[in-house]
Amino acid sequence: MPSKKHRPEEIIGKLREAEIVLAQGASTAEACRRIAVSEQTYYRWRKEYGGLKTDQARRMKDLEKENQRLRRAISDLTLDKLILQEAAKGNF
């Protein structure tokens, strides 16, 4: 069965639901069962999205995508620069 890719808005909603269940005195395992994720996923989500609002999480994901795009562009430009340097050394 393929795993479902949750959107940040869904994750924050599920984390809030889990917090409510935990505040009512249930165990972490019970809270994870109610939101239909494993405990490992719950703790990973809480580490990444804990304390964020929906719009903040969306902005964070957008910034991560932009950062990845810029890193790729920098690596391409660095490679081009090294190739040009090597070509310039051979001409003299």
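So if I check each of Glu9, Glu17, Glu30, Glu48, which one is modelled with pLDDT of 90 or more and under 28 Å from Asp62 (Cα atoms)? Within the list Glu9, Glu17, Glu30, Glu48, the selection yields Glu17. Leu22 falls short of the stated requirement of being open to solvent by 80 Å² or more (accessible area, probe 1.4 Å) and in a helix (DSSP H, G or I).
All of (1) assigned to a loop (DSSP other than H, G, I, E, B); (2) surrounded by 13 or more Cβ atoms within 10 Å (Cβ to Cβ) hold for Arg58 with one exception: (1). Listed conditions (1) open to solvent by 70 Å² or more (accessible area, probe 1.4 Å); (2) at pLDDT below 90 are all met by Gln68, apart from (2). Of everything in segment 30-54, what is loosely packed, with under 11 Cβ neighbours inside 10 Å and either hydrophobic (A, V, I, L, M, F, W, C) or part of a helix (DSSP H, G or I) (or both)? Give them in sequence order. Residues satisfying the conditions are Ala36, Gln40, Lys47.
Does segment 76-90 include one or more residues that are outside any helix (DSSP H, G or I), on the phi < 0 side of the Ramachandran plot and exposed (fewer than 10 other Cβ atoms within 10 Å of the Cβ)? Among the residues of segment 76-90, not one is outside any helix (DSSP H, G or I), on the phi < 0 side of the Ramachandran plot and exposed (fewer than 10 other Cβ atoms within 10 Å of the Cβ), which makes the answer no.
The values are calculated or read from the model by the stated rules, or taken from the named source; none is laboratory data. All values derive from a computational prediction rather than experimental measurement. Cβ atoms come from the backbone with ideal geometry, glycine included; neighbour counts cover every protein chain shown. Side chains are part of the model used for accessible areas, which takes the heavy atoms of the whole protein and leaves out ligands, DNA and RNA. Shrake-Rupley method; radii C 1.70, N 1.55, O 1.52, S 1.80 Å.
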